[in-house]
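Written out below as structure tokens is the structure these notes cover.
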Amino acid sequence: VKGRWEDDWDGLGVGVHDVAIASRSLLVPDLRDAILKLDAHARKRVYISTIVGDGPHDREIVQAAGRNFHPGADYIYVVNLLYRMGIRAGVTFTIQQEDKSFADVSEALDSVRWMVEGMTPEEEGMLREFLTGYLVSEGGSWKLPDRRPVRWAVLWWEKEPA
């Protein structure tokens with residue numbers, strides 16, 4: 001089923017299932033409502049994954065385009081919200097290590113464009129200039145320097161028996 005958090009899930013035919021999962025999709029205007037919606041569609045257990053710290057965003061890249069950096073609610077905010085909602089969630093972490101290579105600055109720019117949604121031509125020019133000096137040559141290709149591992153928090157909870 002293809003749908004958004006804002007959609008009527010019952011109208012989409014989502015239904016209620018033993019397990020409900022939301023992975024990397026909880027950067028929404030009303031997190032509490034999204035959690036309640038997901039929880040209502042699970043009989044036994046709910047899993048969510050969310051960002052730790054800056055998540056997959058690169059603060060330097062966003063700022064190089066002249067934007068303020070706001071990664072969204074860190075996992076600890078989600079844990080505290082769940083606690084206030086009466087949900088005692090388990091937490092574990094996964095680590096994602098990316099080591100992307102690029103043929104040139106244009107390819108690198110295309111790869112990071114998602115971090116600066118709706119870039120103006122001026123912002124794109126600033127980011128291109130930044131990447132020109134930021135990328136490092138390695139083995140005939142270009143890479144972002146010092147790529148940190150991206151941590152994700154996986155939270156889960158058991159549903160109370162009805």
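The values are calculated or read from the model by the stated rules, or taken from the named source; none is laboratory data. Note that the structure is predicted; figures quoted are calculated from it, not measured. Glycine also receives a Cβ, built like all others from the backbone with ideal geometry; neighbour counts cover every protein chain displayed. Surface areas here come from the heavy atoms of the whole protein model, side chains and all, with no ligands, DNA or RNA. Shrake-Rupley method; radii C 1.70, N 1.55, O 1.52, S 1.80 Å.
Can you give the FRET efficiency for Arg32 and Val91, using 1/(1 + (r/R0)^6), R0 = 22 Å, r = Cβ-Cβ distance, to the nearest 0.05?
In this case the efficiency is close to 0.75.
Binning at 5 angstrom from zero up to the longest distance, how are the C-alpha pair distances of the stretch 20-162 distributed in percent?
2, 9, 16, 18, 14, 12, 10, 8, 6, 3, 1, 0, 0
So what does log10 I(q)/I(0) come out to for the stretch 39-116 at q = 0.13, 0.16, 0.24, 0.26 Å⁻¹, using the Debye formula with one equal point on every Cα and no solvent?
Listed by q, the Debye log ratios stand at -0.59, -0.78, -1.19, -1.29.
Using 0.36 nm per residue, how much length does the chain from Glu123 to Asp18 gain when fully extended, once their Cα-Cα distance is taken away?
Gain on stretching Glu123 to Asp18: 33.2 nm.
So if R0 is 22 Å, what FRET efficiency would Glu60 and Ser101 give, r being the distance between their Cβ atoms, rounded to the nearest 0.05?
0.75
What fraction of the DSSP beta bridges in the chain is antiparallel, stated in percent and rounded to the nearest 5?
Restricted to the chain, the bridges split so that about 75 percent are antiparallel.
Would you work out the relative contact order for the chain, in percent, from Cα pairs under 8 angstrom that are 6 or more residues apart?
Computed over the chain, the figure is 29 percent.
For the stretch 79-141, take N as its residue count and report Rg(C-alpha) divided by 2.2 N^0.38 Å.
It is 1.76.
Before I look further, what does the chain give for accessible area per residue, probe 1.4 Å, in whole square angstrom?
On a per-residue basis, the chain sits at 60 Å².
I'd like the FRET efficiency for Lys2 and Val136, computed as 1/(1 + (r/R0)^6) with the beta carbon distance as r and R0 of 41 Å, rounded to 0.05.
Calculated value: 0.55.
From the helices alone, meaning DSSP H stretches of at least four residues, give me the mean residue ellipticity at 222 nm for the chain, per-run term -39500 (n - 2.57), in deg cm²/dmol to the nearest 500.
-9000 deg cm²/dmol
Return the loop-located trypsin sites (Lys or Arg not before Pro) in the stretch 81-162 (DSSP other than H, G, I, E, B) with at most 12 other Cβ atoms within 10 Å of their own Cβ; answer none if there are none.
Here the trypsin sites (Lys or Arg not before Pro) that fit, given the DSSP loop and packing criteria, are Arg88, Arg147.
For the chain, compute the number of Lys pairs whose alpha carbons are separated by less than 19 Å, excluding pairs fewer than 8 positions apart on the same chain.
4
May I ask you to list the chymotrypsin sites (Phe, Trp or Tyr not before Pro) in the stretch 37-81 that are in a DSSP loop and have at most 16 other Cβ atoms within 10 Å of their Cβ?
Within the stretch 37-81, the qualifying chymotrypsin sites (Phe, Trp or Tyr not before Pro) (loop, at most 16 other Cβ atoms within 10 Å) are Phe69.
On the accessible surface of the stretch 97-162, probed at 1.4 Å, how many percent belong to carbon and sulfur atoms?
Carbon and sulfur: 51 percent of the exposed surface of the stretch 97-162.
Express the carbon and sulfur contribution to the solvent-accessible surface of the stretch 2-96 as a percent, rounded to the nearest whole number, probe 1.4 angstrom.
Carbon and sulfur together cover 51 percent of it.
Applying a 10 Å radius around every beta-carbon, put 31-38, 92-99 in order of their mean neighbour count, most first.
Ranking the peptides 31-38, 92-99 by packing returns 31-38, 92-99.
With point charges of +1 on the Cβ of Lys and Arg and -1 on the Cβ of Asp and Glu, referenced to the Cα centre of the stretch 1-146, which listed residue (Met85, Asn68, Ala34) lies farthest in the positive direction of the dipole?
Of the options given, the answer is Met85.
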